[in-house]
Amino acid sequence: MTEKRPPFIDMWVTFESKKWIEKWLKPEYVGFEFGSGMSTIYLGKKTKHLISIEHRLGWYRTIRKMLRTRKMMNVLLLYEPWIREYYETLKWCKPDSLDYVFLDGIYEAKIKCAQNSWSRIKRGGILIFDDSEHSIFRPAYEFLDSNKSERLDFCGQSRNPWNGKVGDKKSMTSIWIKG
């Protein structure tokens, strides 16, 4: 069974972070995404290659269908329901091989995902941490901040891809640039 998909193809991040990401992205970039969705379609259109991993089977099928309909052969979509295997998926990526990692997905796995991602990101590459306003992710921030990086926090609103409206909830998207 597939899940209903939102009508808007967009990254569901704060407006200011999206502007920054759009300026930074280049067509030759290669990325990895924890948690597929409309950002998978968006990033897949803007970059050379994207690997995206999803843990919910219905949502995986929905995104897979959208990718096939759009003939987006540059996106490799993976399904992994087990948390440990989910956050360890990057272990087969070579160190310094990714231009960016987009971190959304399973809340319980975000800390490990951030830690496992850092060595895979090239110098000058970025880690995008969505919904970073939550204090439960502090160990991830401390890990990322302790490495040679610059941190940018973007607080504000975002557009809900389900209805196209600007959300009333403020959120934060943080970006670490690897030095």
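Descriptive notes on the structure:
- Considering region 80-102, the residues that are more than 15 Å from the chain's Cα centre (by Cα) and aromatic (Phe, Trp, Tyr) include one that is surrounded by the most Cβ atoms within 10 Å (Cβ to Cβ), namely Trp82.
- Scan of region 146-176 for residues that are surrounded by fewer than 18 Cβ atoms within 10 Å (Cβ to Cβ), at pLDDT 95 or above and in contact with a Phe, Trp or Tyr (Cβ under 9 Å, 6 or more places away or on another chain), ordered by number: Glu150, Arg151, Leu152
- Residue match in region 77-95 (condition: on the phi > 0 side of the Ramachandran plot and modelled with pLDDT under 95): no
- Residue, farthest from Pro95 (Cα to Cα), within region 22-66, restricted to residues that are aromatic (Phe, Trp, Tyr) and buried (at least 17 other Cβ atoms within 10 Å of the Cβ): Trp59
- Cβ-Cβ under 7 Å pairs, at least 6 apart or on other chains, region 144-163 side farther than 12 Å from Phe15 by Cα and small (Gly, Ala, Ser), far side modelled with pLDDT of 95 or more and surrounded by 14 or more Cβ atoms within 10 Å (Cβ to Cβ): Ser149/Trp176; Ser149/Ile177; Ser149/Lys178
The values are calculated or read from the model by the stated rules, or taken from the named source; none is laboratory data. In this text, all values refer to a predicted model and were calculated from it rather than measured experimentally. Neighbour counts are summed over all protein chains in view; Cβ atoms, including those assigned to glycine, are modelled from backbone coordinates with ideal geometry.
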